[in-house]
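J.: If you scroll down you'll find the structure; I have some questions about it.
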Amino acid sequence: MAGVRGVRYGELGYKTWEYHEKDIINQSGNWNGISFRNPSTSMFIVGDFNQTKGIEKGYGTKKCRDLLTNELKKSKFECISEGNFENNFLTAEPKKQVIRKNMDHICVTTNFISAVKNYKVSAWNHFTEDGIYMSDHNGIYVDFEI
């Protein structure tokens, strides 16, 4: 529930996803500060965004996904890990028999994207071939050629 309540955070007094919206706005202020002061610098923002991107239904709210997309664009970033990795790279979990939707993302400045010759985003399962869970998230990565 995007850090709204629970053992980790205590009770913050926000409605579900409200704190997540606030955090997107706060973080985008940092992205803007860095990217606008250093417009020729290439930068990556990588990690657990706690929401799916580029698919209609998934984890998170449409409002949060739209807010993140707009804030990234304003900061001259592009999320290159949008969409679903189902059937391309990920397979069904051994216990639940579902394919996990991707909530971790790789975002890069648009000047970096225009400078690379080629890039490919891929993913790996969050469990081993023997069905042992390594994490609650699948892994993602990007290969790029400069």
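J.: If you scan region 35-77, which residues turn out to be part of a helix (DSSP H, G or I), modelled with pLDDT of 85 or more, loosely packed, with under 13 Cβ neighbours inside 10 Å and not charged (D, E, K, R)?
T.: Scanning region 35-77 gives a single hit, ASN70.
J.: Just one of (1) among the aromatic types (Phe, Trp, Tyr); (2) modelled with pLDDT under 90; (3) under 27 Å from PHE36 (Cβ atoms) trips up PHE144, so point out which.
T.: Result: PHE144 passes all but (2).
J.: Just need a number here: residues in region 93-146 that are of a type in the set (Ser, Thr, Tyr) and under 18 Å from CYS79 (Cβ atoms).
T.: Qualifying residue count, region 93-146: 6.
J.: Of the conditions (1) more than 16 Å from the chain's Cα centre (by Cα); (2) at pLDDT below 90, GLU86 satisfies every one except a single condition; which number is it?
T.: With (1) more than 16 Å from the chain's Cα centre (by Cα); (2) at pLDDT below 90 applied to GLU86, the lone miss is (1).
J.: For region 6-13, state whether one or more residues are of a type in the set (Asp, Glu), more than 22 Å from PHE85 (Cβ to Cβ), at pLDDT below 80 and surrounded by fewer than 16 Cβ atoms within 10 Å (Cβ to Cβ).
T.: yes
J.: State whether one or more residues within region 119-132 are modelled with pLDDT of 90 or more and under 25 Å from ASN38 (Cβ atoms).
T.: Checked region 119-132: at least one residue is modelled with pLDDT of 90 or more and under 25 Å from ASN38 (Cβ atoms).
J.: Specify the residue that is farthest from ARG100 (Cα to Cα); the eligible residues are those in region 26-62 that are aromatic (Phe, Trp, Tyr) and within 14 Å of the chain's Cα centre (by Cα). Full working, then the answer.
T.: At the first step, the residues of region 26-62 found to be aromatic (Phe, Trp, Tyr) are 31, 36, 44, 49, 59.
Next, from what is left, pick out any that are within 14 Å of the chain's Cα centre (by Cα): 44, 49, 59.
Values: PHE44: 24, PHE49: 15, TYR59: 10 Å.
Within region 26-62, the match that is farthest from ARG100 (Cα to Cα) is PHE44.
The values are calculated or read from the model by the stated rules, or taken from the named source; none is laboratory data. Predicted model, so just to flag it, every value in this text is computed and none were measured. All Cβ positions, glycine included, derive from the backbone under ideal geometry; neighbour counts span all protein chains shown.
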